[in-house]
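Engineer: Sharing a structure with you now.
The values are calculated or read from the model by the stated rules, or taken from the named source; none is laboratory data. Because the structure is a prediction, the values reported are computed rather than measured. So basically every Cβ, Gly included, is an ideal-geometry build from the backbone, and we count neighbours across all protein chains shown.
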Amino acid sequence: MAISAADTVTACVLVIGNEVLSGRTRDDNLQYLGAGLNDLGIRLLEARVIADDVDVIARAVNECRARYDYVFTTGGIGPTHDDITAAAVARAFSVALVRNPQAVALLEGHYAPDEVNEARLKMAETPDGARLVENPVSRAPGFQMENVFVLAGVPSIMRAMFDGLKHRLEGGRPMLSRTLVARLPEGIMAERLAAAQARHPDVEIGSYPFFRAGKMGVSLVVRSPDAASIAAAIADVGAEIRRLGAEPIDEDDVS
């Protein structure tokens, strides 16, 4: 994929697992992926949590790979009967699910001969034509199909996989951000923030109310790939805060 440095490069994450949907398991991967992608100049624009269902997964993969530059899935590539992500991705790409010889060799090199059973060999199954994603933690690999990267759900393994595949990704300009804190109710700021956003259409201005130490306030986050645009918007927002009788506080100065 040839991507200009000026382009906005986009991504989606599909978190796969009934255990996440049920609340029994907390997803710890999304924040890591979002931050890591942003560092590469790739904007994470959507995340979905979906069930362990082959049709649901295949449909989501096809929808998202057509819409975004990159798709990352987490979960469902282990040795048990409900680990069906590989089969679902094979269905999405209309290819066979095969036992990958390279993946088999990795597992056979990691486990003792009497430990290489059919359940573990299930982790060597990938869609035909897949490129493996290295797993330096437990050896069972993830894989890549075109712009879709299939990663483990276990956070330590997912992180190691992602860190090892970064060189395959082409990003645009990283998104930068600055935050001002105003000790004002969000409702008082709303109209002025809307006007500031209209004056600075090349940045994103987000408003996030809080209640700390008995005091109400709002964090105002300005985001853009361009530092000069952020600086101009921050100055404008800071001036609006002062007009309302408060002093803008840089987030780094908040205790």
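Engineer: From Ser224, Ser207, which residue is hydroxyl-bearing (Ser, Thr, Tyr), surrounded by fewer than 17 Cβ atoms within 10 Å (Cβ to Cβ) and closer than 28 Å to Cys12 by Cβ?
Structural biologist: When all the criteria are applied, what remains is Ser207.
Engineer: Do we find that Arg131 is at pLDDT below 95 and surrounded by 13 or more Cβ atoms within 10 Å (Cβ to Cβ) in this structure?
Structural biologist: no
Residue-by-condition table, conditions (1) within 22 Å of Val98 (Cβ to Cβ); (2) in contact with a Gly (Cβ under 7 Å, 6 or more places away or on another chain); (3) surrounded by fewer than 16 Cβ atoms within 10 Å (Cβ to Cβ):
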{"position": "Pro127", "(1), (2), (3)": "yes, no, no"}
{"position": "Val137", "(1), (2), (3)": "no, no, yes"}
{"position": "Lys166", "(1), (2), (3)": "no, no, yes"}
{"position": "Glu170", "(1), (2), (3)": "no, no, no"}
{"position": "Ala194", "(1), (2), (3)": "no, no, yes"}
{"position": "Gln197", "(1), (2), (3)": "no, no, no"}
{"position": "Pro201", "(1), (2), (3)": "no, no, yes"}
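Engineer: So Gln31 passes all but one of these: (1) surrounded by fewer than 15 Cβ atoms within 10 Å (Cβ to Cβ); (2) modelled with pLDDT of 95 or more; (3) within 22 Å of Arg139 (Cα to Cα). Which condition number does it fail?
Structural biologist: Going through the list (1) surrounded by fewer than 15 Cβ atoms within 10 Å (Cβ to Cβ); (2) modelled with pLDDT of 95 or more; (3) within 22 Å of Arg139 (Cα to Cα), Gln31 breaks only (3).
Engineer: Test Val137 against the stated conditions and say whether it is outside any strand (DSSP E or B) and without any contact (Cβ under 8 Å) to a residue 60 or more places away in the chain.
Structural biologist: When the stated conditions are applied, Val137 passes them.
Engineer: Quick one: how many residues across the range 187-215 are assigned to a helix (DSSP H, G or I), within 17 Å of Ala231 (Cα to Cα) and among the aliphatic types (A, V, I, L, M)?
Structural biologist: 4
Engineer: Check the range 173-192 and report whether any residue there is within 30 Å of Phe143 (Cβ to Cβ), among the aliphatic types (A, V, I, L, M), buried (at least 17 other Cβ atoms within 10 Å of the Cβ) and modelled with pLDDT under 95.
Structural biologist: Taking every residue of the range 173-192 in turn, at least one turns out to be within 30 Å of Phe143 (Cβ to Cβ), among the aliphatic types (A, V, I, L, M), buried (at least 17 other Cβ atoms within 10 Å of the Cβ) and modelled with pLDDT under 95.
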